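Engineer: Got a structure for you, questions after.
The values are calculated or read from the model by the stated rules, or taken from the named source; none is laboratory data. These figures come from a predicted structure and were not determined experimentally. No Cβ is skipped: glycine too gets one built from the backbone with ideal geometry, and neighbour counts run over all protein chains shown.
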């Protein structure tokens, strides 16, 4: 199974991790037969299971819970669909990750994306992400309060199943006054260097 991760380490490190994650020979799918078609057809994302797994994992490490978020789920679904359509496990399949995050009004420093291919259950995807230090960092992002998870399938492609998860903190809120940004630490005005 191949995992790819992007997150708060910055674009340069993200590109280096992306390249490192793609350096090995990818897993090749075998021939398509009725059993393969049925196996792929039976794969489902389990949102309730994902919430339970992720929150139990975070709680065991002293971190707060996250909730399933419709915006992040839609972002993850677009990414998974784009990867399946292009037969390519890449953070750029649906557009540059940092551009997608910014367009959604999220802070690119407090958001991360985990991708995976070839997993046949939500549990397998989580196990793969937990076993990768870079993906695990996204699962355990201290500021995270919400996430979205999605799956796309195409039995004719290299991985057959394409998983995407977006994890993020709450977006900072703008106050009514010009030049004042509401952050979790309180108002931040021009010249304030929190």
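Engineer: If a residue counts only when it is surrounded by fewer than 19 Cβ atoms within 10 Å (Cβ to Cβ) and touching a strand residue (DSSP E or B) at 6+ places or on another chain (Cβ under 9 Å), which helices (runs of 4 or more DSSP H) contained entirely in segment 47-137 have at least 2 such residues? Please lay out each step first, then the result.
Structural biologist: Working: elements: 47-59, 70-86, 97-103, 122-130.
So the answer is 47-59, 70-86, 97-103.
Engineer: Next question, about the same structure. Among the residues of segment 138-157, write down those that are under 30 Å from residue 33 (Cβ atoms) and in a strand (DSSP E or B). First the steps, then the outcome.
Structural biologist: Residues of segment 138-157 under 30 Å from residue 33 (Cβ atoms): 149-157.
Selection gives 149, 150, 151, 152, 153.
Engineer: Please work out if residue 140 is at negative phi, buried (at least 16 other Cβ atoms within 10 Å of the Cβ), modelled with pLDDT of 90 or more and out of contact with any strand residue (DSSP E or B) (no Cβ under 9 Å at 6 or more places or on another chain).
Structural biologist: Details: at negative phi: yes; buried (at least 16 other Cβ atoms within 10 Å of the Cβ): yes; modelled with pLDDT of 90 or more: yes; out of contact with any strand residue (DSSP E or B) (no Cβ under 9 Å at 6 or more places or on another chain): yes.
Against the criterion (at negative phi, buried (at least 16 other Cβ atoms within 10 Å of the Cβ), modelled with pLDDT of 90 or more and out of contact with any strand residue (DSSP E or B) (no Cβ under 9 Å at 6 or more places or on another chain)), residue 140 qualifies.
Engineer: Within the set of pairs 6+ apart or on separate chains, which have a first residue in segment 89-113 that is more than 26 Å from residue 153 (Cα to Cα), a second that is part of a loop (DSSP other than H, G, I, E, B), and C-beta atoms under 6 Å apart?
Structural biologist: 105/171; 106/171; 109/8; 110/143; 110/169
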